[in-house]
Amino acid sequence: MESLVTIAETVVKAVRSGRNIEGRLMLVKTEDGHECIEFRPYNRKPKTRRPDEMVKKLRSGWIKLSAMRLKVFASSSNELSAQEVVNDLKGQINEGLDAILRDERVSMLKSFYK
């Protein structure tokens, strides 16, 4: 029994360039009755994610809204005492949360902030 392997030219070019191609091998019959092994690559689409939306720019950080989460980043100077750092970060985060409540972008936070 004679078998041939057929691979699309685009797959061969991708493999020659060093990429790994995932796919499946299929046993198909040609028009003249011969059996042929054919490689068919998976047609996967890249995952797309919308970028995070900037809700509020803080003095030393930001608050962003993603599809699933509310992200808060705040930083403070190393030269401050521990109490000053805590007060500074609390002030920045509260300022950002106030902006969120004013804009009514995240309605869940209203009950949390009361």
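Listing for the model above:
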item: Net dipole in debye of the chain [+1 Lys, Arg Cβ; -1 Asp, Glu Cβ; about Cα centre; nearest 20]; result: 460
item: The range 46-72 residues near the modelled residue 102 label - backbone nitrogen below 18 Å, point 7 Å along Cα→Cβ; result: 54-65
item: Share of Cα-Cα pairs in the chain lying beyond 17 Å, as whole percent; result: 71
item: Shape of the range 1-46, Cα gyration tensor, a/c cut at 1.5; result: prolate
item: Between 0 and 90°, nearest 10: helix 82-103 axis offset from the chain longest Cα axis; result: 70
item: Highest-MSF residue in the chain out of 27, 97, 58 [GNM, Cα springs under 10 Å]; result: 27
item: Check: the range 7-58 dipole with +1 on Lys, Arg Cβ and -1 on Asp, Glu Cβ, in debye; result: 700
item: Packing-based ranking, highest mean first, of 60-67, 42-49, 84-91 given that Cβ atoms within 10 Å are counted; result: 60-67, 84-91, 42-49
item: Spatial separation of Cα centroids for the range 10-35 and the range 39-103, in angstrom; result: 46
item: Solvent-accessible area per residue, Å², over the chain with all protein chains present [probe radius 1.4 Å]; result: 83
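The values are calculated or read from the model by the stated rules, or taken from the named source; none is laboratory data. These figures come from a predicted structure and were not determined experimentally. Cβ coordinates were reconstructed from backbone atoms using ideal geometry, including for glycine residues, and neighbour counts include every protein chain displayed. Protein only, heavy atoms only, side chains kept; ligands, DNA and RNA dropped before computing areas. Shrake-Rupley method; radii C 1.70, N 1.55, O 1.52, S 1.80 Å.
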